[in-house]
Structure formats: C-alpha cells, structure tokens
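Novice: Below is one structure. I have some questions about it.
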Amino acid sequence: MGKEVYEKLAEKILCKGSKIIPQLFEMIADETDAKILLALPGTIAEVKSRTGLDDKEIESRVQELFKKGLVFKSKKPEGLKYRMCRDLGQFHDASILWSGATQEFYDLWQRYMEEEWPAYSVFVEKFLKKPFTRVIPIEKTIPARNQVLSSDSVQEIIDKTYRVALTKCTCRLIAHKCDKPVEVCLQVGKAADYTIERGTGREISKDEARKILHLAEEAGLVHITVNKASEFTFICNCCGDCCQVLPLLIKEGRKLCDPSRFQAKVNKEDCNGCEICLERCWFKAIQMKNENGNSFAVINPEKCMGCGLCAIKCPTQAIQLIQVREKEFVPA
Ligand code: SF4
Ligand code: SF4
Ligand code: SF4
C-alpha cells in the first residue's frame, strides 16, 4: 500500500481529487490505521475478517482513531459498531480538536480551507437541499416573545438538554484571523457525551453555558446551530473572519447557512446615527441614510441574517427583530 490508500480515504469522505485531504489523513494515520478505516463500518470481528489483523491490535488502534476523530462508534444489538468520519465536516471538526494535533496539522488544515474549501463549498451547496446550519437570534432582541419557538432559542436548547460541554472553535483555532474568544463552542446532548468521552471538551453547568452565550453575544459572535427544528447537537459562536461558513456567505453569497426566522428593523425616529450597529454587523446588512440632515440606519433585508448582534448594542433601542419567516422555514 502506498499513497493511494490515503486517496481512498479522501474518496470515502467525498473528497476525491483533493491534494490536501490525503496529506491530512497521512499526518495522523499510518497505513495499518488506513487499512482499518477502509474496512469500516463494522464490528471488531468484521474488521478482523476483512483485514486479517489481530483483534487486539484492531481494538487498540480503533480506540486511538476514535480519539483522533477518525472513528465514531455506536451501540448495536450485535455489539459496538465503528464507522469512519462520514464527511469533510466531521473530519475537520473532530480531528482538529484531537489533543495530539500539532501546529503543522492545523496549518495544513488552514491551507485546505484557503486553497480547496472555497471550490469544494460550491459542490456542498449544490449537494444539500437546505444549508446545513442556521442562525439563532439573540432572544432578548425579539419583543414579540410569543413568536419565539424552541428552535429559535439558545436558552431553550440549554434548558432542555441533559448535558452541555464546552469545546474550542475549530475554525478560529487554525485560522487566527481575529481576536475573538476561542473556547466558546457548546456541544449539547449526545454531542456533549461524545466530546467528553474523547477528552476534546469539558462538561460545564447550564449556568456556565448561559454565561458563555452572553460572552459570545457581547464579543459579537453569531449563534449558529444545525438547520433542523428537532435536532440540537451544537451551538457554534461564529465570526465572519475565520468561520468555514460565514466568510464565504459574506464574500461570495455561498449559502451554507440559513438566516434565522427574524430580521432587524430600525425605528428611524429612535436612531441617533451613532453607527455602532454598522460595526456589529458581519453581513454588511446595514447602511446609513441621511434625510433632512438626520442620519439613521437602514437594514438591507436581502443581507440581514437575523442574528440580533446589532440590536443588543444599540444605545437607543432603535433596532428590534421581527419575524419574517414561518415556522416551516426550519426543516423538521
Ligand atoms: S462554525 Fe463558527 S464557531 Fe463553529 S467552529 Fe467554525 S467559526 Fe467556530
Ligand atoms: S446603533 Fe442604534 S442608534 Fe446607532 S445608528 Fe444603529 S440603529 Fe441608530
Ligand atoms: S442587521 Fe446585521 S447584525 Fe443586525 S440582525 Fe441583521 S445580520 Fe444581524
């Protein structure tokens, strides 16, 4: 087996033809690891019959590969079943958080994000029926509280889950393009179990989680989650500089993230023209207008993602979020 084994691994996560993804695999998996990964999904016994390797060796390698983020496990009636990371997103998020990841590994990932990801994201956008992530608004910026559904509320996600873990933001960890806080990503429920078991995140109380959300809002980070009304595995707190999703949306209109069901609205009578909101908006959705010598902010509905970051810092409370999309906008 030579380099082609790593090309096969890249192919397995739908990255055929990538120059960098095989190199990333090669940095953290030797050829025996690669052989095991190619034999997945399966139980230890199934991998043994496919590879001819000793079951003790498979067992210990699979444990290491789990820590590296290359293998995921699930309990099945026939025993523990293992599978390889299913796509680029899982490979990215899970391997970057591995405690043994080196700076060289981070740098190669960042090279991938700059050289190959922009073109690959075009394929991802076409492949998905709906963007895989969605903005969640800052709740207190929505005056009509009855319009806020569970799927619109980070507070409810935290209230309802049985467990929360805190991890580092994988995008900022490798990109370093801004000075925003790095340890602010929340994993909830099963995702928290997973990250705690791997040692890539630490369990935190719900109160601590609420403080992290507040800190993220103050720092100007956008709450983003899975684009489903009934599934919550993470609350990312994203910036427009380092994120794998937002800069492509801002610069190229690539739709890998849906807006929230809300949109900012400015009451021009209350606006004092201070322009604080302009600096808070990653999406360039706010412009200043001048009428009769009075300057005031105007929202571009095409660009507004309904995050609420502008509204929480408006000194005159001139901005509110209003509902503009129905419940059905968020996939069930
Ligand atoms: S998606 Fe956002 S919060 Fe999540 S890892 Fe990337 S920048 Fe960080
Ligand atoms: S922050 Fe508020 S007061 Fe200042 S320009 Fe924006 S809307 Fe107007
Ligand atoms: S105008 Fe910008 S900051 Fe305000 S809610 Fe819309 S996207 Fe967010």
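Novice: Look at region 47-61 and say how many of its residues are loosely packed, with under 15 Cβ neighbours inside 10 Å and not charged (D, E, K, R).
Specialist: Residues meeting the conditions: 3.
Novice: Filter region 249-282 for residues that are of a type in the set (A, V, I, L, M) and touching a Cys at 6+ places or on another chain (Cβ under 9 Å); which is nearest to Thr133 (Cα to Cα)?
Specialist: Leu249
Novice: Now a separate question. Say whether the condition of being within 14 Å of ligand 1 (Cβ to nearest atom) and at pLDDT 95 or above is met by at least one residue in region 275-283.
Specialist: yes
Novice: Out of curiosity, is Glu302 among the charged types (D, E, K, R) and within 14 Å of ligand 3 (Cβ to nearest atom)?
Specialist: yes
Here's the yes/no breakdown for (1) closer than 22 Å to Glu4 by Cβ; (2) crowded, with 19+ Cβ neighbours inside 10 Å; (3) not assigned by TED's automatic domain parsing to the domain that holds Thr200:
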site	(1), (2), (3)
Leu24	yes, yes, yes
Glu31	yes, no, yes
Gln63	no, no, yes
Val71	yes, yes, yes
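Novice: Next question, about the same structure. For region 59-67, does any single residue satisfy the condition of being within 28 Å of Leu249 (Cα to Cα), in contact with a Leu (Cβ under 8 Å, 6 or more places away or on another chain) and not basic (Lys, Arg)?
Specialist: No, because not a single residue in region 59-67 is within 28 Å of Leu249 (Cα to Cα), in contact with a Leu (Cβ under 8 Å, 6 or more places away or on another chain) and not basic (Lys, Arg).
Novice: For region 229-255, give me each residue that is more than 20 Å from Ala165 (Cβ to Cβ) and more than 10 Å from ligand 1 (Cβ to nearest atom).
Specialist: Ala229, Ser230, Leu248, Leu249, Ile250, Lys251, Glu252, Gly253, Arg254, Lys255
Novice: Now for a separate question. Given the options Lys3, Lys8, Lys12, name the one that is over 24 Å from Ser99 (Cβ atoms) and touching a strand residue (DSSP E or B) at 6+ places or on another chain (Cβ under 7 Å).
Specialist: Among Lys3, Lys8, Lys12, only Lys12 is over 24 Å from Ser99 (Cβ atoms) and touching a strand residue (DSSP E or B) at 6+ places or on another chain (Cβ under 7 Å).
The values are calculated or read from the model by the stated rules, or taken from the named source; none is laboratory data. Values in this document were obtained by computation on a predicted structure and should not be read as measured data. When we count neighbours, we look across all protein chains shown, and the Cβ atoms used for this are built from the backbone with ideal geometry, even at glycine.
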